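The values are calculated or read from the model by the stated rules, or taken from the named source; none is laboratory data. From a predicted model like this one, the values you see are computed outputs, not experimental measurements. Neighbour counts are summed over all protein chains in view; Cβ atoms, including those assigned to glycine, are modelled from backbone coordinates with ideal geometry.
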Amino acid sequence: MADRKAVVLVARRTFDDAIARLREHFEVRVNDDDAVWPQDELIRRLQGVQGVYITGSEQIDATLLDACPDLRAVCSMAVGYNNVDLPACTARGVLVSNAPDVLTETTADFGFALMMATARRISESEHFLRRGEWHKWSYDMFAGSDVHGSTLGILGMGRIGQAIARRGHLGFGMRVIYHNRSRLAPALEAPLAAQWVEKDALLQQADHLVIVVPYSPASHHAIGARELGLMKPSATLTNIARGGVVDDAALAQALATRRIAAAGLDVFEGEPQVHPGLLTVPNVVLTPHIASASIPTRLAMSHLAVDNLIAALSGGRPPTALNP
Ligand code: DGY
């Protein structure tokens, strides 16, 4: 009798092409409704499943792993993996992979766009126009801050941070400063003309602060009231990393009191809920966690997760495995 095919659960809807590739190798179950299943439902759906395709929304923790003993591979289409307990997976022999690199440039494009929209008050002025409030031109109407020639501060200088620095330095003549746990090698710093600074100096000097540091207990509320208090009143803050890196309540307060000029946010604490204080201040551009959402990039992320599942369940190491 032929070996039984491994069973794969696609925990959130994805591209048909990616699912078709999985069907060539596995018995595939798909969450066609695209609902975000509560944890008990996810556990129920994972019974008898060897591989799971996830996004950044599913929580893979020790309780789930113990309740799903057949699970051998957890492959995410996201680069961020703070929703997966990697040590718990490794301890149980479960392979874990994410989807790095394929989204770097697209996410950097979006981060830059969000920073520019924030600095130049694009959302705020569009809402004004849509409300029918535009009656005359005025010399300082929605005057914002310049991006070109200003100081770009980057918190977290991984692949996406470097791609943003490249845009800032080469495209907009910005001075690039960054803070990261470790300093980039001189060969990486030099083409970006990027200068490592202490975190407080970054906050004090940046005209435009862009946050791209991964979420972990160490980066929880890395930007709170104290840090916002160090920033220039004219500065903007853009967060494309993860909710939780910024204390959204403190940020809402800093925006309401004009402690800083404006913010651009693609990620939120407790998303898809958004802190009510952020919904009522005008000086913030809000987007629903779409920084990597171009069609080619989302397709590439999806196919990379499929590559990883195929490798993992064929006894190989996934190309972008995270386990040590
Ligand atoms: C990622 O890939 O981590 C994006 O934030 C989407 O979850």
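Can you find, within the stretch 224-245, the residue that is surrounded by the fewest Cβ atoms within 10 Å (Cβ to Cβ) among those that are closer than 18 Å to R121 by Cβ and not hydrophobic (A, V, I, L, M, F, W, C)?
That would be P233.
What pairs come up if the first residue lies in the stretch 74-86 and is more than 16 Å from V36 (Cβ to Cβ) and not assigned by TED's automatic domain parsing to the domain that holds S57, the second is more than 9 Å from the ligand (Cβ to nearest atom) and not basic (K, R), and their beta carbons are under 6 Å apart, counting only those six or more places apart or on different chains?
From residues that are more than 16 Å from V36 (Cβ to Cβ) and not assigned by TED's automatic domain parsing to the domain that holds S57, there are no pairs.
Please find, within the stretch 175-192, the residue that is surrounded by the most Cβ atoms within 10 Å (Cβ to Cβ) out of those that are basic (K, R) and outside any strand (DSSP E or B).
Checked the stretch 175-192; the qualifying residue surrounded by the most Cβ atoms within 10 Å (Cβ to Cβ) is R183.
Between R23, R12, which is in contact (Cβ under 8 Å) with a residue 24 or more places away in the chain and among the charged types (D, E, K, R)?
From the options R23, R12, the qualifying one is R12.
Please count how many residues of the stretch 193-223 are in a strand (DSSP E or B) and either of a type in the set (V, I, T) or surrounded by fewer than 20 Cβ atoms within 10 Å (Cβ to Cβ) (or both).
Here the count works out to 5.
Which ones in the stretch 299-324 are in a helix (DSSP H, G or I), crowded, with 19+ Cβ neighbours inside 10 Å and of a type outside the set (A, V, I, L, M)?
S302, N308
Looking at the structure I just gave you, is V49 within 16 Å of the ligand (Cβ to nearest atom) and in a loop (DSSP other than H, G, I, E, B)?
Judged against the criteria, V49 is not a match.
Here's the yes/no breakdown for (1) more than 18 Å from the chain's Cα centre (by Cα); (2) among the small types (G, A, S):
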residue: W37; (1), (2): yes, no
residue: G56; (1), (2): no, yes
residue: D70; (1), (2): yes, no
residue: C75; (1), (2): no, no
residue: Y81; (1), (2): no, no
residue: V84; (1), (2): no, no
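Would you tally the residues in the stretch 277-298 being under 21 Å from the mean Cα position of the chain (by Cα) and assigned to a helix (DSSP H, G or I)?
Selection size over the stretch 277-298: 6.
Condition (residue is surrounded by fewer than 19 Cβ atoms within 10 Å (Cβ to Cβ) and among the polar types (S, T, N, Q)) applied to the stretch 5-18: is it met by at least one residue?
Checked the stretch 5-18: no residue is surrounded by fewer than 19 Cβ atoms within 10 Å (Cβ to Cβ) and among the polar types (S, T, N, Q).
Do you know which of the residues in the stretch 260-270 that are part of a loop (DSSP other than H, G, I, E, B) and either surrounded by 18 or more Cβ atoms within 10 Å (Cβ to Cβ) or among the hydrophobic types (A, V, I, L, M, F, W, C) (or both) is farthest from the ligand (Cβ to nearest atom)?
A261
Of everything in the stretch 105-163, what is of a type in the set (V, I, T) and in a loop (DSSP other than H, G, I, E, B)? Give them in sequence order.
Correct list: V147 only.
Working only within the stretch 134-148, note down all residues that are of a type outside the set (K, R) and out of contact with any strand residue (DSSP E or B) (no Cβ under 8 Å at 6 or more places or on another chain).
Matches in the stretch 134-148: W134, H135, W137, S138, Y139, D140, M141, F142, A143, D146, H148.
Identify all residues within the stretch 72-123 that are among the polar types (S, T, N, Q) and more than 11 Å from the ligand (Cβ to nearest atom); write none if there are none.
Result: T90, S97, T118, S123.
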